[in-house]
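Trainee: Sharing a structure with you now.
The values are calculated or read from the model by the stated rules, or taken from the named source; none is laboratory data. Keep in mind it's a predicted model, so treat the numbers as computed, not measured. Heads up, the Cβs are rebuilt from the backbone with ideal geometry, glycines too, and the neighbour counts pull from every protein chain shown. The protein model used for the area step is the full one, side chains on, heavy atoms only, and it has no ligands, DNA or RNA in it. Shrake-Rupley method; radii C 1.70, N 1.55, O 1.52, S 1.80 Å.
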Amino acid sequence: MTDRRSFLATLSAALAGSVGTRSMPGLGTGLLRVEAESTVFYAQPDGRLSLVRFFVSGVDAPAGRLRVYDRRRRLLGTAGVIRSGNRLYGELWLALEGETRIRSDLEAPGVRGVFRTNHRLRPQRRWTIHWLTVVDPRDVVQVLEELPPFNRAIQAGIFAAAGVVGNPLPEPRKLDVMDHTEFLRMALPAWELQSCFGIPTSAVAVTDPSFALPGPAASALVGSGVQFAVRSTPEGAPFEWWQAPDGSRLLLAAMPPRSDPRSLGFDASRDAMSRRIERWLTASPLLLSQAVGRSGGRAERGDVATTEGVTFAIGSTLDDVSPAMLAAVQEWNQRFAFPRIVIGGGEILQTVLGQGREATTGVYRPRYATRERLPGATALRSLADVRAADALGRAQQMMLPLATALPVSNSAPGSSAGATALGAVADQIAADLPGTLVVNTSPYLRTDVVLLANGRQQVVTDVPPVGYAYIVDPPSSTAAAAAPAAPAAPSLLLEGASCRLRLDDRSGAIASLVTTGDGREWIRTPSDGLNAVPGAILEKLRRETIPGVGVRLIAERWSPARGEVRSTVTVYDALPWVDIENHAAALGDRPMVYLFPFHLPMPQVAWEVPAGFEEAPVPLDGIAHLRWVQLRSQGGTALFRGLDAPFLSVSRDGTVVSFGPRARARYRLWVTSGPVGPSDGARFGWGAEPFVTTRVTGNATGRLPRYGPLLVVDQPGVGIVGLKPADDGNGIVVYVQETQGTGRFISLGAGLLRFRSARRVDYLERDTGEELAPVPDGVTFHIAARGAIALRLLDVELRQG
């Protein structure tokens, strides 16, 4: 030291440098300062050497040299430091074991002599990153099925080697339009992907954070054996319980956003990949990880001496895995011993999540699912077509066990036995005269209008749930079709069993809807109208009477923005609801908009979602209802269903805005000031679906009665929502749902079919080992409030007598 000033400068720098690692570089005080910082990078081959960064501030030199010594003054290495911004920067690979003390000697132009600094460093964790690609199995199947068989097998092997696994939770935008059974079996595509192509099913579901999930999704996953789920979120608890309405729950873990391979730079340059991974490992507060000591035992998260850890990079699409990314990972592992990137690791992820379960008390409350961007008119029409096909498929599937139990030797002449399950059953109805088989796939006894096989509409009463009724053809003299009314200027008024309505003479919308029992008006103002099309003008109107059924008005309308719309409004002589059927001409891909301004201000809204229902105050935008929507306000209730138009919004003033396809859009409305029970919405919604029918030619020696349910549930508010042959051919599987919100013991008994025994299975039809108590002609079991369970019925046969 030559003078007091240089002595004080040197002493200050030495004291600053001895503070240790992770000082904030670049906060220059004007004094010379050397700082050292450990990193997450460890060198090959054994990970003993850690990359240490050195930052020199307070010097104007373009470069310098830094020698580093241990506490015994042995030279550990020499690094060049070069100008980077307003400071000098250099790196060295050093062995760090626990807390390590080193000394650096800086030599640089403008620095008098050697500038010494003492540093205290602690090693970062040695990270192992498990790369999982948890994808929608349908996407994988689509790719594989487009390939020839040989190439398909090769590609399946590539996917498996790249760590691709099937997500048991489908893409969320598909969930809100699934029917109950398909929704409960949402994990089936992943299970089939494993069975057919050897690509494993992920034990952990990965959710899309940009789209809310229906509440019962948790029970569907738990019912398929999934106990954990992962979602990306910028905040919240690391672990929360995701509890379903029926009380089942799974553990939901949070990961920081941008934890997928692309965001971490697997497809970027070497330097970009290094920067992104380091930032992710050191700066993410919700990093899903496990800390372990050198002995392999679990260590506390806050233990800074912990030297090993595992975490996860999770992709969710096939775009998150590519040959270039696999090559980048291979090159990364050649550069660094740690962080090491390992393909796969689902079992380790399960272990981490299982440990998180031990102390988790928080509850995740998902918001109801909405869509910011609705499907176009073409997609809505396609969805309507799929739903119509599903309804027919559900009837065929339901009748298949009955058809299988039937002999085929005494089919009616000219019958279609064996062609379809419906046809086989119809051919065995014990009836001398031709008629119509009316099939009710719903869990409720139904009375509704049906289009008979001879083209006549008729009200049929008390068709049993999950069953059928035979309707004989009426005499030809009474089989009159709907008759147009004679007057040239038909009345705008319609009156049915429980209401009267009037169409607006300018727009063709329903300008008034009054319940006859109490005289209550259900439309907000006369200028509004139910089934209104913005800007529509009524061009033509005709009236038709349906003998023995009701009366309808057919309005031809035109809107400058929406084009031509034909609307049929029907009220019934003995049924309490109003049916509407719109046909819109194709005009672009914008959805049709139909307005229903009910006089129900600030309503509380409930709507059916797959395997359950949601409830929320208004406003609601872009929700999807499965079969029913309920609006309650001022002692009144409106039940609404858009049979071909599931997407809608509800405003504060009680207006329902329905988005329909540019084709057929059917609606059913029911308004009442009386009490509405918990199951009334479900009964109404199921009842809006048309009956499935088929022709009965007549067979006096048929083995089946003219009426009956396939199986019987002994209590109201519990119904069969699905019945199908078992996937493995062993018996049939029945899905039973509780809708009143009361857990209880119920019995399932024989109807047209009987069974000798039953087992509880999960939604993938795997035996749970739970025993069911037998009762005469059936079994009894407990069902949770708002829950759904699956049963396998064995030795199923036709019931005699």
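Trainee: From PRO216, PRO200, which residue is in contact with a strand residue (DSSP E or B) (Cβ under 7 Å, 6 or more places away or on another chain) and within 25 Å of ALA395 (Cα to Cα)? Lay out the reasoning, then the answer.
Mentor: Numbers: PRO200 fails: within 25 Å of ALA395 (Cα to Cα).
Within the list PRO216, PRO200, the selection yields PRO216.
Trainee: Being crowded, with 17+ Cβ neighbours inside 10 Å, under 28 Å from the mean Cα position of the chain (by Cα), farther than 23 Å from ARG446 by Cβ and not polar (S, T, N, Q): is that true of ALA784 here? Give the derivation first.
Mentor: Details: crowded, with 17+ Cβ neighbours inside 10 Å: yes; under 28 Å from the mean Cα position of the chain (by Cα): yes; farther than 23 Å from ARG446 by Cβ: yes; not polar (S, T, N, Q): yes.
Considered against the rule, which asks whether it is crowded, with 17+ Cβ neighbours inside 10 Å, under 28 Å from the mean Cα position of the chain (by Cα), farther than 23 Å from ARG446 by Cβ and not polar (S, T, N, Q), ALA784 comes out as yes.
Trainee: Return yes or no: is ARG543 over 39 Å from the mean Cα position of the chain (by Cα) and in a strand (DSSP E or B)?
Mentor: Numbers: over 39 Å from the mean Cα position of the chain (by Cα): yes; in a strand (DSSP E or B): yes.
The answer is yes for ARG543.
Trainee: One residue is enough: does segment 318-326 have a residue meeting the conditions of a type in the set (A, V, I, L, M), over 30 Å from LEU620 (Cα atoms) and assigned to a loop (DSSP other than H, G, I, E, B)?
Mentor: Restricting attention to segment 318-326, the residues satisfying the condition of being of a type in the set (A, V, I, L, M) are 318, 321, 324-326.
Now narrow it down to the ones that are over 30 Å from LEU620 (Cα atoms): 318, 321, 324-326.
Retained after the next criterion (residues that are assigned to a loop (DSSP other than H, G, I, E, B)): 321.
Within segment 318-326 (the criterion being of a type in the set (A, V, I, L, M), over 30 Å from LEU620 (Cα atoms) and assigned to a loop (DSSP other than H, G, I, E, B)), the answer is yes, since at least one residue qualifies.
Trainee: Cβ contacts < 6 Å: first residue modelled with pLDDT under 95, restricted to segment 424-448; second residue open to solvent by less than 10 Å² (accessible area, probe 1.4 Å) and part of a loop (DSSP other than H, G, I, E, B), any location; separation 6+ or different chain. Result?
Mentor: Qualifying pairs under 6 Å: ASP427/ALA412.
Trainee: Within segment 449-481, restricting attention to residues that are surrounded by fewer than 15 Cβ atoms within 10 Å (Cβ to Cβ) and either of a type in the set (Gly, Ala, Ser) or touching a Phe, Trp or Tyr at 6+ places or on another chain (Cβ under 7 Å) (or both), which residue is modelled with the lowest pLDDT?
Mentor: ALA479
Trainee: Could you please find all residues in segment 678-706 being open to solvent by 30 Å² or more (accessible area, probe 1.4 Å) and under 12 Å from GLN428 (Cα atoms)? Write out each step before concluding.
Mentor: At the first step, the residues of segment 678-706 found to be open to solvent by 30 Å² or more (accessible area, probe 1.4 Å) are 678, 680, 683, 690, 693-695, 697, 700-701, 703, 705-706.
Matches in segment 678-706: ARG695, THR697, ALA700, THR701, ARG703, PRO705, ARG706.
Trainee: Then there's this: Can you name every residue in segment 629-642 that is open to solvent by 20 Å² or more (accessible area, probe 1.4 Å) and either touching a strand residue (DSSP E or B) at 6+ places or on another chain (Cβ under 9 Å) or over 15 Å from VAL618 (Cβ atoms) (or both)? First the steps, then the outcome.
Mentor: So in segment 629-642, the residues open to solvent by 20 Å² or more (accessible area, probe 1.4 Å) come out as 632, 634-635.
Across segment 629-642, the qualifying residues are ARG632, GLY635.
Trainee: Then there's this: Could you tell me whether any residue of segment 719-741 is open to solvent by 40 Å² or more (accessible area, probe 1.4 Å) and among the basic types (Lys, Arg)?
Mentor: No, that holds for no residue.
Trainee: Identify, please: which residue in segment 108-135 is among the charged types (D, E, K, R) and in a strand (DSSP E or B) and is, among those, least open to solvent (accessible area, probe 1.4 Å)?
Mentor: Step one: of segment 108-135, the residues among the charged types (D, E, K, R) are 112, 116, 120, 122, 125-126.
Right, trim to in a strand (DSSP E or B) and you get 116, 120, 126.
Values: ARG116: 111, ARG120: 87, ARG126: 11 Å².
Only one residue fits best here, namely ARG126.
Trainee: Conditions: (1) in contact with a helix residue (DSSP H, G or I) (Cβ under 6 Å, 6 or more places away or on another chain); (2) more than 18 Å from GLY685 (Cα to Cα). ARG627 meets all but one. Number of the miss?
Mentor: With (1) in contact with a helix residue (DSSP H, G or I) (Cβ under 6 Å, 6 or more places away or on another chain); (2) more than 18 Å from GLY685 (Cα to Cα) applied to ARG627, the lone miss is (2).
Trainee: Quick one: LEU169 ticks every box in (1) crowded, with 16+ Cβ neighbours inside 10 Å; (2) more than 15 Å from the chain's Cα centre (by Cα) bar one, so which box is it?
Mentor: It is condition (2) that LEU169 fails.
Trainee: While we're here: From (1) out of contact with any Ser or Thr (no Cβ under 8 Å at 6 or more places or on another chain); (2) within 30 Å of GLN737 (Cβ to Cβ); (3) in contact (Cβ under 8 Å) with a residue 24 or more places away in the chain, pick out the condition that doesn't hold for LEU169.
Mentor: Every listed condition holds for LEU169 apart from (1).
Trainee: Do the conditions hold for SER50, that is, is it open to solvent by less than 20 Å² (accessible area, probe 1.4 Å), more than 30 Å from ILE341 (Cα to Cα) and either small (Gly, Ala, Ser) or part of a strand (DSSP E or B) (or both)? Can you show your working first?
Mentor: Values: open to solvent by less than 20 Å² (accessible area, probe 1.4 Å): yes; more than 30 Å from ILE341 (Cα to Cα): no; either small (Gly, Ala, Ser) or part of a strand (DSSP E or B) (or both): yes.
Criteria not met by SER50.
Trainee: Evaluate segment 86-104: report whether one residue or more is part of a loop (DSSP other than H, G, I, E, B), surrounded by 14 or more Cβ atoms within 10 Å (Cβ to Cβ) and in contact with a Ser or Thr (Cβ under 6 Å, 6 or more places away or on another chain). Walk me through how you get there before you give the answer.
Mentor: At the first step, the residues of segment 86-104 found to be part of a loop (DSSP other than H, G, I, E, B) are 86, 96-99.
If we keep only those that are surrounded by 14 or more Cβ atoms within 10 Å (Cβ to Cβ) as well, we get 96.
Retained after the next criterion (residues that are in contact with a Ser or Thr (Cβ under 6 Å, 6 or more places away or on another chain)): 96.
Scanning segment 86-104, I find at least one residue that is part of a loop (DSSP other than H, G, I, E, B), surrounded by 14 or more Cβ atoms within 10 Å (Cβ to Cβ) and in contact with a Ser or Thr (Cβ under 6 Å, 6 or more places away or on another chain), so the answer is yes.
Trainee: Continuing with the same structure: Filter segment 371-405 down to the residues that are over 21 Å from the mean Cα position of the chain (by Cα), open to solvent by less than 50 Å² (accessible area, probe 1.4 Å) and farther than 17 Å from GLU689 by Cα and list them by number.
Mentor: Of everything in segment 371-405, those that are over 21 Å from the mean Cα position of the chain (by Cα), open to solvent by less than 50 Å² (accessible area, probe 1.4 Å) and farther than 17 Å from GLU689 by Cα turn out to be ALA377, MET399, PRO401, LEU402, ALA403, ALA405.
Trainee: Look through segment 136-164, keep the residues that are among the β-branched types (Val, Ile, Thr) and open to solvent by less than 30 Å² (accessible area, probe 1.4 Å), and return whichever of them is farthest from SER322 (Cα to Cα).
Mentor: As a first pass, look at segment 136-164 and keep what is among the β-branched types (Val, Ile, Thr): 140-141, 143, 154, 158, 164.
Okay, now just the ones that are also open to solvent by less than 30 Å² (accessible area, probe 1.4 Å), so 140, 164.
Details: VAL140: 14, VAL164: 11 Å.
Out of the qualifying residues, it is VAL140.
Trainee: Let me ask another. Being over 15 Å from VAL671 (Cα atoms), in a loop (DSSP other than H, G, I, E, B) and open to solvent by 50 Å² or more (accessible area, probe 1.4 Å) is the filter here, so list the residues in segment 499-524 that pass it.
Mentor: Correct list: ASP505, ARG506.
Trainee: Among the residues of segment 53-75, write down those that are in a strand (DSSP E or B), buried (at least 19 other Cβ atoms within 10 Å of the Cβ) and either β-branched (Val, Ile, Thr) or out of contact with any Pro (no Cβ under 8 Å at 6 or more places or on another chain) (or both).
Mentor: If the condition is that a residue be in a strand (DSSP E or B), buried (at least 19 other Cβ atoms within 10 Å of the Cβ) and either β-branched (Val, Ile, Thr) or out of contact with any Pro (no Cβ under 8 Å at 6 or more places or on another chain) (or both), then PHE54, VAL56, LEU66, VAL68 are the ones that fit.
Trainee: Taking only segment 329-347 into account, find how many residues are open to solvent by less than 60 Å² (accessible area, probe 1.4 Å) and in contact with a strand residue (DSSP E or B) (Cβ under 7 Å, 6 or more places away or on another chain). If you could, list the steps in order and put the result at the bottom.
Mentor: Pass one, segment 329-347, residues open to solvent by less than 60 Å² (accessible area, probe 1.4 Å): 329, 331-333, 335-339, 341-342, 344-346.
Right, trim to in contact with a strand residue (DSSP E or B) (Cβ under 7 Å, 6 or more places away or on another chain) and you get 329, 332-333, 336-339, 341-342, 344-346.
Of the residues in that region, 12 qualify.
Trainee: Any residue at all in segment 579-601 that is assigned to a strand (DSSP E or B), surrounded by fewer than 21 Cβ atoms within 10 Å (Cβ to Cβ) and free of Cβ contacts under 8 Å to residues at least 60 places away in the same chain?
Mentor: no
Trainee: Looking at TRP607, TRP558, which one is assigned to a strand (DSSP E or B), aromatic (Phe, Trp, Tyr) and closer than 16 Å to GLY535 by Cβ? Steps first, please.
Mentor: Numbers: TRP607 fails: closer than 16 Å to GLY535 by Cβ.
It is TRP558.
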